[in-house]
Amino acid sequence: MLMLMLNMSFMLSLFIIFSSHPLSMGVTLLSQVLIVSLITGMMASNFWFSYILFLIMVGGMLVLFVYMTSIASNEKFNYSSNLMKFFIMIIGLSMITLMMSDWLFIEYNNSQLENITNLNFNMTLNKFINYPYNILLFSLITYLFITLIAVVKISKIKYGPLRQMN
């Protein structure tokens, strides 16, 4: 299940490169955030961090959605049928590859299942500041800081608001 979600995340990352309409990019980004939140929740066995991440990103996406619909409200949404066929083919091939791999069907005995259960219990006791999760925390802080700098650079304060009022 985790490999399937990682595969879907990779496909959405590829799809956002080829999308040209702002609303399709927003929907792709929202789908990407949902998948990343689910992956984070499954890896941590605790969904509170992924829930907060999802709520923050959805709030930001609502602001972007309102802004983009006010700027590009009359722009036509065009999609390439060849591009859609290409992505469906890539997704199909990756699903077949995942289903054919042998490591997905490894049988565990009871002692291995007990070890996995103990590992999951110990993972829930970890804080997000400790070693395995601090990389995720620092990555999120760096991403938010770079986004803040990019938004400040894009919106030049001396020119006024980005949208021209009639």
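Out of curiosity, is L23 in contact (Cβ under 8 Å) with a residue 60 or more places away in the chain, surrounded by 14 or more Cβ atoms within 10 Å (Cβ to Cβ) and in a helix (DSSP H, G or I)? For L23, the condition - in contact (Cβ under 8 Å) with a residue 60 or more places away in the chain, surrounded by 14 or more Cβ atoms within 10 Å (Cβ to Cβ) and in a helix (DSSP H, G or I) - is not met.
Being closer than 19 Å to V63 by Cα, out of contact with any strand residue (DSSP E or B) (no Cβ under 6 Å at 6 or more places or on another chain), modelled with pLDDT of 80 or more and in a helix (DSSP H, G or I): is that true of L144 here?
On the way: closer than 19 Å to V63 by Cα: yes; out of contact with any strand residue (DSSP E or B) (no Cβ under 6 Å at 6 or more places or on another chain): yes; modelled with pLDDT of 80 or more: yes; in a helix (DSSP H, G or I): yes.
Answer is yes for this residue.
Among what's in region 35-84 and is outside any helix (DSSP H, G or I) and within 17 Å of L136 (Cβ to Cβ), pick the residue that is modelled with the lowest pLDDT.
Of the residues in region 35-84, the ones outside any helix (DSSP H, G or I) are 45-47, 72-80.
When the remaining residues are screened for being within 17 Å of L136 (Cβ to Cβ), the result is 45-47.
Working: S45: 66, N46: 70, F47: 79.
Of everything passing the filter in region 35-84, S45 is modelled with the lowest pLDDT.
Take the residues in region 147-166 that are under 24 Å from T69 (Cβ atoms) and either in contact with a helix residue (DSSP H, G or I) (Cβ under 6 Å, 6 or more places away or on another chain) or basic (K, R) (or both); name whichever of them is modelled with the highest pLDDT. Going through the qualifying residues, I end up with K153. The set of residues from region 1-30 being under 24 Å from S70 (Cα atoms) and of a type in the set (S, T, Y) comprises S19, S20, S24, T28.
F86 passes every criterion in (1) of a type in the set (F, W, Y); (2) more than 30 Å from I135 (Cα to Cα); (3) buried (at least 16 other Cβ atoms within 10 Å of the Cβ) apart from (3). When you scan region 43-63, do you find a residue that is surrounded by fewer than 17 Cβ atoms within 10 Å (Cβ to Cβ), closer than 21 Å to S94 by Cβ, over 14 Å from the mean Cα position of the chain (by Cα) and not assigned by TED's automatic domain parsing to the domain that holds S139, even just one? Scanning region 43-63 turns up at least one residue that is surrounded by fewer than 17 Cβ atoms within 10 Å (Cβ to Cβ), closer than 21 Å to S94 by Cβ, over 14 Å from the mean Cα position of the chain (by Cα) and not assigned by TED's automatic domain parsing to the domain that holds S139.
Among the residues in region 110-120, are any in the same structural domain as S19 (by TED's automatic domain parsing), of a type in the set (G, A, S) and at pLDDT 75 or above? Walk me through how you get there before you give the answer.
Step one: filter region 110-120 for residues in the same structural domain as S19 (by TED's automatic domain parsing), giving 110-120.
Retained after the next criterion (residues that are of a type in the set (G, A, S)): 111.
Checking which are at pLDDT 75 or above leaves us with none.
No, because not a single residue in region 110-120 is in the same structural domain as S19 (by TED's automatic domain parsing), of a type in the set (G, A, S) and at pLDDT 75 or above.
The values are calculated or read from the model by the stated rules, or taken from the named source; none is laboratory data. Just so it is clear, the model here is predicted, and its values are computed rather than measured. Every residue, glycine among them, receives a Cβ derived from its backbone with ideal geometry; neighbour counts consider all protein chains shown.
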